[in-house]
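Every read-out reported here was derived from the displayed coordinates using simple, explicitly stated rules and does not represent laboratory data. A quick note: this is a predicted structure, and the numbers were derived from the prediction, not measured. Positions of Cβ are backbone-derived with ideal geometry, glycine not excepted, and every protein chain shown enters the neighbour counts.
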Amino acid sequence: MNENKTMSDRAFDIPDRDADDVRPYDRVLSRRVFAFCIDYLFVGLLLIPVAILILIFGVITLGLGWMLFAILVPAVALPYVWNTLGGRHQATPGMRIMGLRLERLDGRRIDGMIAVVHSILFWAGNVVLTPLILLATLFLERKRTVHDLLLGTVVVRNDR
């Protein structure tokens with residue numbers, strides 16, 4: 001890749017090795033939707049034991065511990081994303097089931113911090129701009145989302 005490009009220029013580039021090959025991006029959008037649903041099922045299941053622990057902690061602390069329920073979902077979801085999307089497979093369990101992985105355009109590995117920022121940008125974009133922001137995937141090259149553009153990432157299929 002050309003090293004003289006600015007970061008904003010690189011955010012819109014697709015890696016050279018995939019420039020002409022669309023197979024790694026075939027049906028990625030529908031697979032991302034199913035992967036999202038699968039991951040939310042997993043996070044929901046992980047919430048149960050943590051909620052039980054908070055319930056018990058709240059009883060022991062005469063109700064003070066129950067304030068932790070306010071941060072329950074992020075306290076479970078962010079470590080889930082850090083350890084899965086930021087792990088060696090560069091994919092959450094839902095993404096792995098659907099045959100997807102997240103890649104950086106500069107070729108480096110996805111680390112935990114990039115994974116968490118990716119997730120936070122997804123939710124912030126949806127809160128601020130409503131889910132209509134996801135319509136960008138219908139028009140952007142390789143079905144990338146806005147948060148993919150901002151972070152210089154792309155979701156590809158593992159099997160292609």
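Neighbour counting of Cβ atoms within 10 Å sorts the residues Ser30, Ser119, fewest neighbours leading, into Ser30, Ser119. Here the Karplus relation 6.51 cos²θ - 1.76 cosθ + 1.60, evaluated at θ = phi - 60°, turns the backbone of segment 83-88 into coupling constants of 7, 9, 5, x, x, 5 Hz, with x for every Gly and Pro. As a calculated quantity, the FRET efficiency between Phe69 and Asn126 at R0 = 25 Å, using C-beta atoms, amounts to about 0.65. For Arg108, Arg142, the sequence from fewest to most other C-beta atoms within 10 Å is Arg108, Arg142. Each stretch of four or more DSSP H residues adds -39500 (n - 2.57); spread over every residue of the chain, this sum gives -15500 deg cm²/dmol at 222 nm. Along segment 52-69 the Karplus relation, 6.51 cos²θ - 1.76 cosθ + 1.60 evaluated at θ = phi - 60°, assigns HN-Hα couplings of 5, 4, 5, 4, 5, 4, x, 5, 5, 8, 6, x, 5, x, 5, 5, 5, 4 Hz to successive residues, with x for each Gly and Pro.
Computed over Cα pairs, the Kirkwood radius of segment 20-68 leads via Stokes-Einstein (1.002 mPa s, 20 °C) to a diffusion coefficient of 158 µm² per second.
Using a cutoff of 8 angstrom between alpha carbon atoms and counting only pairs six or more residues apart, the relative contact order for the chain works out to 30 percent. With one equal scatterer per alpha carbon and no solvent term, the Debye-computed log10 I(q)/I(0) for segment 22-157 at 0.09, 0.12, 0.13, 0.21 1/Å reads -0.31, -0.52, -0.59, -1.28.
Spin-label model, Val33/Arg157: points 7 Å from Cα along the beta carbon direction are separated by 1.7 nm. With a simple spin-label model that places each label point 7 Å from the Cα along the Cα-to-Cβ direction, the separation between Arg109 and Ile97 comes to 2.5 nm. Extension gain, Leu138 to Val59, is 23.5 nm, computed as 0.36 nm per intervening residue step minus the present C-alpha separation. Distances between placed amide hydrogens fall under 5 Å for Leu100 paired with Asn158, all partners being 5 or more residues away or on another chain.
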